[in-house]
Amino acid sequence: LPHLQALAERDPLDERAHAWLMIALAGTGQQAAALSIYDQLLRRLDEQLGVRPAAVLTQAHERVLRQEIPALSRGLLMSGGAAPADPPRQLPRDPAAFVGRELESGELTALAEQAADAALICVIDGAAGVGKTAFAIHAGRRLAPAFADGQLHADLRGFGPRQPPMAAAEALPGFLRALGIDPSAIPSDVDEQAAMYRSLLAERRVLIVLDNAADAAQVRPLLPGAPGSLVLVTSRSRLSGLTARDGATRITLGPLPSDDAVSLLGKILGHKRVSAEQQAAADIAARCGLLPLALRVAADRAACRPRMALADLAGQLANAHARLDILDVGEDVTEVRAVFSWSYKALAPDGARMFRLLGLHTGPDISVPAAATLAAASEAEAGRLLELLAAVHLIEEASPGRYRLHDLLHAYAAERVREDERPDSRGSALRRILAWYLHTADRADELLVPGRRHAPIGPAPAGCEPLDWTCYEQALNWCDAEQANLAAAVRLAAEAGHHDIAWKLPVALRGFFDVRKPWAVWLDCATIGVAAARRAGDRSGQAWALDCLGHASSGIGRPQDALASYLEARTIRHEIGDQWGESANSMTNLGCTYLDLRRLDLALDCFEQVLATSRAAENRYVECLALINLAQTHSQLEQPDEALACSLRALAVTREIGYRHAEGIALSGLAATYRAKSQPGRARRCYSEALAIRRQAGDRHGEAETLRDLGDLSDSAGHITAALRSWRQGLAIAEDLGDPHAAAALRGRLERLSAAP
């Protein structure tokens, strides 16, 4: 063997010498080394001569592959080639108190069963602290019996506190030694190491766990080339190259389900302690974001304080700003903040800036245009950066084009933006995103309520490009998607001292609130708006905000509160000389409240004044409101002819200005008038048309109301089946909307009819 090695070294292209060297190596039990010799010579022949190997070499290769060369007994083997008596067992110990992940474990088990036919790769990705390593080790130990030739494990240090990522040249020698290669026989060239590694695995079934990978290029030299083995790769990155080019399967781990998170606390703290404070345990789990790492740290904190009530720990964790401090145990590998920092520090500067700026945004998710505004970037650039952050699981794509941060990651981003972003840049970004929501909401309102007088909102700041649409549906869809963000923006604006935006934004959302009627959100935003206008000392703003508060109070059944808000708004408008606001806005609002309070004479007087004012100013929007309200007042005064005239005129005006939401209201009012005039055929046609319009307008509250009225009309005509059908449809909508009053009224009708003979 030494003579053949020397001969091959003297002439690196001598195929006969290399063929005999391969046979000698195989004869001393060094089959992997023999195959490596073949791979190296094959590459040299191709690169230097551009020829294929001669028959003498290919025949030797086939004999080695088929193990046709008798090996010497183990006692006579040279020290450089002996395989170890025992297969490698490198997996770390099974994580303590592991819970859940049954579905993902099942996927891995099914994958392992296919390993005999292919070298399979599974990428296990997810956010920092989600338990990727624990899952891979736990699953690996369960699968180990199926891989009789052992398990290899390496921490590739893709994301870590100090050392750089592990290169293949560092990982491969360790794997080769574990597989029985003497250190002196390991080639120095990384490609040759990889070839030897693949050759060794060619006839074995090995489980390989590559933990904490940085990218696909780091992993690829460590992959086997022949069937039989299974590779588990964990990473905070998606490693899309492995799935696209190498056919890897992906398992993405998310936070634990709530029950599993509480179970994890129970395993660490004892189920008796957790059972005694179930709600507190659930609160701790939620405030740890259901992340296993954070849960373990919180549980350890409680375990060190056996007399601490879990409710006290839950209370400490309720403070989002202090949460990361509470979960700090002073060790880089287990401190939640430090673990997040490894991902953050690995980002390019533009990606890191986008991540920390997201800490300013307090809504549940963010769209690409909003993120572009936040960072003063183009939508294309913002989309690229958000995708980059999602690829390393610092954010996740909640739905196409919308991204969100885990609660703890949001707290970390908020820390980073306070510490790493200049105060002026931070302030500009916050003002820019709040203004973007305000200006975009105002444009949406122009489509939802054509012709409505708007509060002046001023010019948009530099870098703020509000969205624009061409139709009602687009504007309504945007408001639906952004409702929670808009409410959060109102609160954030008030907290940050942007009082003008804090009162203008709820006012700009009036049309959307009218259609969807999210009463609790409306009331909360309006209350903040009034306080903000007062802090700003803006008298006109106070009147606008008080109107908004009055609308919300009226909607939740507090007409006296609404009346107080409207009267104060009218007084302010009178004092500042806002004649139009006083005669149109305030009088309309007061009239509606008097109508709710059954003070019909006062309501009639208000609406007649508003009608006269609107016609004098040729304001069709205010005119249609006045006519709708007059029709309703005449109906309650049992004046059907006057009600009919007002309803017909109101319907014509709503269609003229394209105010679809009001058109549905006008049609319903007209139907009620026809019913009062004993014209059920016309009433049914108007109700049916109103139902179609309200569905088109997305007015689900109005849809439930019209179904109720249609059912009433059918019931009075003795059409029981039709009545039941309408009421049941209306009840389903009312229950879906969480409207207890509408649901109770419909349920009462159904029960009454069901009890009848």
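Some notes on this structure:
- Solvent-accessible area per residue in the chain equals 43 Å², computed with a 1.4 angstrom probe and all protein chains kept.
- Label separation (Arg725 vs Ala520): 3.5 nm, computed from points 7 Å beyond Cα along the C-beta direction.
- Straight Cα distances below 27 angstrom link Lys345 to the lysines Lys132, with same-chain residues fewer than 8 positions distant left out.
- Trp469 accessible area, assembled protein chains, probe 1.4 Å, Å²: 40
- Rounded to whole numbers, the Karplus 3J(HN,Hα) couplings from phi for region 480-496 are 4, 5, 9, 3, 5, 5, 5, 5, 5, 5, 4, 5, 5, 4, 5, 5, 8 Hz, using 6.51 cos²θ - 1.76 cosθ + 1.60 with θ = phi - 60°, and x at Gly and Pro.
- Under 20 Å from the Ala676 label point (7 Å along Cα→beta-carbon), backbone N, region 687-727: 687-691, 705-717
- Here the gap between Ser540 and Leu65, fully extended at 0.36 nm per residue and compared with their Cα-Cα distance, gives a gain of 162.1 nm.
- Three-way shape call for region 545-615 based on the alpha-carbon gyration tensor, with the a/c threshold at 1.5: oblate
- Ignoring lysines fewer than eight residues from Lys517 along the same chain, the ones with Cα atoms less than 20 angstrom from its Cα are Lys504.
- Relative contact order of region 440-558, pairs being alpha-carbon contacts under 8 Å that are 6 or more residues apart, as %: 26
- Crossing angle, helix 190-201 versus the chain [Cα axis fit, 0-90 degrees, rounded to tens]: 90
- Net length gained if the chain between Gln5 and Arg752 were fully extended (0.36 nm per residue, minus Cα distance): 258.9 nm
- Average Cα contact separation per residue, the chain, under 8 Å, 6 or more apart, as relative contact order %: 7
- Linear extension gain, Glu102 paired with Ala564, 0.36 nm per residue minus alpha-carbon span: 160.5 nm
- In sequence order, calculated HN-Hα J values of region 551-563 (Karplus, 6.51, -1.76, 1.60; Hz; x Gly/Pro): 4, 5, 5, 4, x, 8, x, 10, x, 5, 5, 4, 4
- In Å², nearest 10: area of Trp580 left accessible to a 1.4 Å probe: 60
- DSSP loop GluC sites (Glu not before Pro) with at most 15 other Cβ within 10 Å: longest gap in the chain: 332-617
- Interchain or long-range residues, amide H under 5 Å from Ile251's placed H: Val123, Ile124, Asp125
- Computed with a 1.4 Å probe on the full set of protein chains, the accessible area for Cys548 sits at about 10 Å².
- Angle between the chain longest axis and helix 720-737 axis [Cα atoms, degrees, rounded to 10]: 60
- Radius 13 Å from Cβ of Pro145, net charge of other residues (Lys, Arg +1; Asp, Glu -1): +2
- Rolling a 1.4 angstrom probe over region 263-379 with all protein chains present gives an accessible area of which 53% lies on carbon and sulfur atoms.
- Classification of the chain by its C-alpha gyration tensor yields a prolate form. The axis ratio a/c (a ≥ b ≥ c) is 1.5 or more, and a/b outweighs b/c.
- Computing FRET efficiency as 1/(1 + (r/R0)^6) for Glu397 and Asp424, where r is the C-beta to C-beta distance and R0 is 45 Å, gives about 0.90.
- The modelled label-to-label distance for the pair Asp312/Asp86, using points 7 Å beyond Cα in the direction of Cβ, is 4.8 nm.
- Within-13-Å neighbourhood charge of Gly458 [Cβ basis; K, R +1; D, E -1]: -1
The values are calculated or read from the model by the stated rules, or taken from the named source; none is laboratory data. Here the structure is a predicted model, which means the values were calculated and not measured. Note: ideal-geometry Cβ built from the backbone for every residue, glycine included; neighbour counts use all protein chains shown. Heads up: the accessible areas ignore ligands, DNA and RNA and are worked out on the full protein's heavy atoms, side chains in. Shrake-Rupley method; radii C 1.70, N 1.55, O 1.52, S 1.80 Å.
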